[in-house]
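Written out below as structure tokens is the structure these notes cover.
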Amino acid sequence: MIVSLEHKIENITAVGKRIAPALKKLGVLTAEDLLNYFPFRYEDWSRVKKIEELEGGTTATINGQIEIIQNKRSQWKKRLVTEAIVSDETESVKAVWFHQPYLTKNLRPGDHIFLSGKVEDKNGELQFVHPNYEKVSLYKQEMTHTARIVPIYSLTKSLTEKQLRYVMSQVIGLSNYLKDWLPTEIIKKNNLLPLNQAVRQIHFPDNQQNLNRALERIKFDELFMVQLRAGLAKRALQQALAQKIEFKEKETKKFVASLPYSLTKAQKITGWEILKDLEKNKPMNRLLEGDVGSGKTIVACLAILNTALNAYQTGYMAPTEILARQHYENITKLFRDWPIKIALLTSADKRANIEIKDDKEIYKLIASGKLDLVIGTHALIQSKVNFNKLALVIIDEQHRFGVGQRKALKQKNNDGTIPHFLSMTATPIPRSLALTAYGDLDLSVINEMPAGRKEIKTEIVPPEKRPEKYQFVLEQIKIGRQAFVICPLIDPSDKLGVKAVKDEYEKLDKKIFPDLAIGLMHGKLKPQEKEKVMRDFLEQKTKILVSTPVIEVGIDVPNSTMILIESAERFGLAQLHQFRGRVGRSSEQSYCFLFTESNNVEAIRRLQTLAQCKNGFELAERDLEFRGPGEVYGIRQSGYNDQLKVAKLTDYIIIKKSKTAVEEILNQDEKLNQYPLIRERLKKFELEIHWE
């Protein structure tokens with residue numbers, strides 16, 4: 001007897017006992033867990049047809065009586081076939097199942113059943129092939145598997161849709177005991193279903209309208225929680241104190257005037273937004289978005305300059321050693337006429353623009369406050385790194401770091417203040433995602449490119465056009481250009497059929513370009529080896545760099561004007577756009593060649609989208625439609641992806657409604673004392689989600 005939401009699955013009927021181990025793998029242990037395990041799609045079998053109305057090549061549901069049912073062996077493939085003849089008042093039809101001989105024990109002549117499935121025309125005779133079936137009896141009026149909108153769930157080994165739906169039908173009545181944690185006024189104002197009705201309808205919808213309303217309620221709940229957490233984080237930050245960084249107007253103007261180029265309007269606007277935030281004694285929490293090559297680093301330098309001139313420190317964290325090293329070299333050059341002391345701190349490379357005796361001295365200089373800017377990787381959050389006056393934290397490609405890593409760097413202050421926080425990304429984030437996953441961040445957008453940049457010519461290259469592209473690359477290299485070649489894997493993988501970087505390197509080096517110097521870069525190289533490979537490419541000792549996606553972010557080689565992407569269909573649009581951004585970083589014409597052997601229509605459509613869209617923000621929206629948030633924006637690292645089981649980031653209207661509801665509640669009572677059920681739900685949400 002099922003008594004409560006805490007009831008264990010193994011105690012819910014014999015079927016429950018059988019499938020409990022499989023459900024445990026899905027994190028489903030109790031009746032309540034099961035109610036919160038939502039379908040990922042539905043089959044609409046609700047319209048019941050007469051047998052005479054059936055047509056070949058369609059899907060349908062009928063209600064009839066079994067005339068004959070028997071097992072027999074197929075004469076061709078020797079497989080066991082169960083055949084039945086089912087009739088209604090209009091006609092008869094055959095139903096066929098393979099390798100299910102037990103059906104003759106479950107179904108007998110005279111039984112009334114529903115059949116739902118595909119109808120095929122076999123030599124002029126219509127038949128159902130492997131249909132869903134369900135017996136009709138006096139005791140069972142409501143169908144579970146047929147003659148309705150049927151839920152389809154994600155499964156694991158040793159678990160079938162029928163078993164899961166059956167056990168779900170046994171616990172669905174317990175939905176009445178679910179606490180509706182949303183306040184009544186929010187439910188009414190947003191015309192939402194009560195939680196118990198939504199849960200019942202999401203599993204066993206009476207009709208499409210009820211299903212839509214159920215989905216809307218569950219989506220609202222998910223987005224509400226994500227935004228509540230972001231809203232609370234934002235308010236907590238507003239209570240904290242930060243150092244005021246006074247705007248040094250004269251020096252900032254002098255620095256900008258010394259640059260070999262003019263800032264774009266967007267760079268000036270975003271730079272000003274950041275500098276205004278730094279003047280407050282509340283910690284800045286800002287996300288700077290800008291397309292690849294739009295000049296985010298120079299905007300960050302305006303903040304670094306002002307922080308240093310105020311005698312405070314900046315910590316600048318990059319996701320890879322290559323990128324940290326590149327930032328160190330570029331920023332050191334930008335500040336060569338300024339008395340700004342800069343250090344590089346990675347596990348493999350420690351140096352500074354002032355004389356130091358050994359690695360240990362860097363840690364002492366950080367702790368004494370004598371270094372103005374420390375650029376590094378995860379090494380910056382080691383326990384032995386102790387800043388003295390850390391007032392600004394900059395994180396490059398912030399979606400590549402977990403929440404805990406960002407938090408650890410923010411907390412590296414011992415005077416009770418929190419550093420100002422600037423995160424940057426060249427992966428343009430769709431506005432819907434920015435409002436939810438990054439709801440605690442203010443947004444600055446660089447939406448234009450520096451003057452003189454040419455549009456990168458992007459082309460899909462099928463196998464037959466490879467030779468002509470290789471010839472083109474050779475001609476470009478002869479006039480002084482360089483090229484990147486990107487491959488998905490390090491070692492061969494016959495299963496995936498993708499180009500391995502080592503194989504590709506061998507092919508290009510020995511067969512295609514035997515007279516050219518070619519470099520090889522991948523994640524398994526030691527840091528010193530990586531640096532040598534990059535140095536050789538930057539100094540044009542090598543003309544082509546064959547690499548895995550390790551060079552995706554931030555690498556700046558202005559002389560490289562071509563990028564060839566192998567098995568391009570394997571990458572998402574955002575990642576392909578990142579690769580494309582490795583070229584087009586000078587006034588020379590650049591090219592992006594998408595090599596693919598795929599004939600998949602969807603894959604080619606995605607690649608065509610990249611070829612047509614030059615704007616990263618537009619592409620990001622399209623990528624979201626194609627693939628969902630997933631790993632593209634690193635949301636999984638923030639725990640965000642774990643919680644969105646039903647909602648999508650294209651549910652703009654619900655995103656807006658739930659955000660408004662969160663703001664209303666926090667404006668009334670940000671401690672949630674008047675909303676104990678929301679507080680309880682938030683606590684559960686924090687436990688369920690892997691924020692690391």
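Structure summary
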read-out	value
Condition check for I62: modelled with pLDDT of 95 or more, surrounded by 15 or more Cβ atoms within 10 Å (Cβ to Cβ) and not in a loop (DSSP other than H, G, I, E, B)	yes
Residue check for L126: surrounded by 15 or more Cβ atoms within 10 Å (Cβ to Cβ), in contact (Cβ under 8 Å) with a residue 40 or more places away in the chain, farther than 21 Å from H7 by Cβ and hydrophobic (A, V, I, L, M, F, W, C)	yes
Boolean, P558 is at pLDDT 90 or above, open to solvent by 20 Å² or more (accessible area, probe 1.4 Å) and outside any helix (DSSP H, G or I)	no
Search result, residues across segment 446-461 that are out of contact with any Ser or Thr (no Cβ under 6 Å at 6 or more places or on another chain) and open to solvent by 40 Å² or more (accessible area, probe 1.4 Å)	N447, A451, R453, K454, E455, K457, E459, I460
Residue within segment 486-502 that is at pLDDT 90 or above and either buried (at least 17 other Cβ atoms within 10 Å of the Cβ) or over 26 Å from T425 (Cβ atoms) (or both) present	yes
Within segment 230-252, tally of residues that are of a type outside the set (A, V, I, L, M, F, W, C), out of contact with any strand residue (DSSP E or B) (no Cβ under 6 Å at 6 or more places or on another chain) and touching a residue at least 12 places away in the same chain (Cβ under 8 Å)	9
Residues of segment 130-183 satisfying the condition of being more than 23 Å from N106 (Cβ to Cβ) and among the acidic types (D, E)	D180
Residue list for segment 97-149, restricted to those being more than 16 Å from V86 (Cα to Cα) and of a type in the set (V, I, T)	T144, I149
Any chance N281 is farther than 25 Å from D556 by Cα, more than 28 Å from the chain's Cα centre (by Cα) and open to solvent by 20 Å² or more (accessible area, probe 1.4 Å)	yes
Segment 253-265: number of residues that are in contact (Cβ under 8 Å) with a residue 12 or more places away in the chain and open to solvent by 10 Å² or more (accessible area, probe 1.4 Å)	8
Considering residues of segment 293-303 that are surrounded by fewer than 24 Cβ atoms within 10 Å (Cβ to Cβ) and of a type in the set (V, I, T) only, the residue farthest from I375 (Cα to Cα)	I298
Considering residues of segment 570-623 that are open to solvent by 50 Å² or more (accessible area, probe 1.4 Å) and either of a type in the set (A, V, I, L, M) or under 15 Å from I456 (Cα atoms) (or both) only, the residue modelled with the highest pLDDT	Q608
Segment 295-308 residues that are farther than 13 Å from D396 by Cβ, paired with ones that are basic (K, R) (beta carbon under 6 Å, 6 or more apart)	N306/K248
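The values are calculated or read from the model by the stated rules, or taken from the named source; none is laboratory data. Because the structure is a prediction, the values reported are computed rather than measured. Neighbour counts are summed over all protein chains in view; Cβ atoms, including those assigned to glycine, are modelled from backbone coordinates with ideal geometry. These accessible areas exclude ligands, DNA and RNA; they are computed on the full protein's heavy atoms, side chains included. Shrake-Rupley method; radii C 1.70, N 1.55, O 1.52, S 1.80 Å.
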